[in-house]
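Every number here is computed from the coordinates shown, using simple stated rules; none is lab data. Here the structure is a predicted model, which means the values were calculated and not measured. Cβ placement follows ideal geometry from the backbone for every residue including glycine, while neighbour counts extend to all protein chains displayed.
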Amino acid sequence: MSLLKRIKYLIKKFTEKKILLAIAESCTGGYISHMFTNISGASNVFERGVVCYSNKSKVELLNVDLKSIEVAGAVSETVARQLAYNVRILSNVDIGIGITGIAGPTGGTKNKPVGLVYIGYSTKEEIKIEKHIFQTDRIHFKELVLEKVLEYLEHITL
């Protein structure tokens with residue numbers, strides 16, 4: 001099934017269940033939000049998407065703890081966790097998603113290679129963090145992150 005068909009299905013399912021979501025995107029630069037808003041009816045479930053590309057925006061818009069960024073780095077499990085949780089709380093939604101990573105082709109290190117991404121999911125019941133490394137170009141990187149987000153959303157039970 002195509003990505004857009006999968007999103008359309010999720011929008012229908014979430015509309016029926018009255019589930020709202022919000023997304024905080026760093027390395028994907030709004031791509032996930034863009035793909036959701038390509039589908040009619042998205043406004044029934046998609047509360048907001050925040051592009052927080054810089055560290056300053058993560059702190060100012062989403063209350064990510066600056067100390068966490070200084071200690072663990074912007075691309076870290078702790079920042080993904082805060083992005084997901086904070087966007088959910090600040091948006092008053094059922095599901096918050098936080099994405100931070102290194103899309104490349106530059107910016108990687110030995111410990112944090114190009115293609116590293118942390119995806120955080122926050123609901124009232126749990127906070128889950130996934131770590132992936134997608135060694136590909138920037139556009140395909142974003143598509144692969146969207147794939148992982150859709151997989152999570154397709155299997156969530158609220």
| Which residues, taken from the stretch 107-144, are farther than 14 Å from Ile32 by Cβ and aliphatic (A, V, I, L, M)? | Val114, Leu116, Ile127, Ile129, Ile133
| note | Every listed condition ((1) surrounded by 23 or more Cβ atoms within 10 Å (Cβ to Cβ); (2) closer than 17 Å to Cys27 by Cβ; (3) among the hydroxyl-bearing types (Ser, Thr, Tyr)) holds for Ser122 save (2)
| request: Kindly provide the set of residues from the stretch 109-158 that are assigned to a loop (DSSP other than H, G, I, E, B) and within 19 Å of Thr78 (Cβ to Cβ), ordered by number. | output: Thr109, Asn111, Lys112, Pro113, Thr123, Glu126
| remark: When the stretch 15-30 is checked residue by residue, the ones that are within 19 Å of Ile156 (Cβ to Cβ) and either in contact (Cβ under 8 Å) with a residue 60 or more places away in the chain or within 17 Å of the chain's Cα centre (by Cα) (or both) are Lys17, Ile19, Leu20, Leu21, Ala22, Ile23, Ala24, Glu25
| request: Scan the stretch 73-109 for residues that are over 29 Å from Leu158 (Cβ atoms) and either of a type in the set (Lys, Arg) or in contact with a Cys (Cβ under 8 Å, 6 or more places away or on another chain) (or both) and jot them down. | output: Ile102, Ala103
| said: Could you go through the stretch 134-156 and let me know if any residue there is buried (at least 23 other Cβ atoms within 10 Å of the Cβ), of a type outside the set (Phe, Trp, Tyr) and either without any contact (Cβ under 8 Å) to a residue 40 or more places away in the chain or more than 20 Å from Leu3 (Cα to Cα) (or both). | reply: no
| field | Qualifying residues in the stretch 95-119 (those that are closer than 17 Å to Leu62 by Cα and of a type in the set (A, V, I, L, M, F, W, C)) - the one surrounded by the most Cβ atoms within 10 Å (Cβ to Cβ) | value | Ile99
| query | Just for the stretch 52-71: of the residues that are within 14 Å of the chain's Cα centre (by Cα) and buried (at least 17 other Cβ atoms within 10 Å of the Cβ), which one is farthest from Ile102 (Cα to Cα)? | reply | Leu62
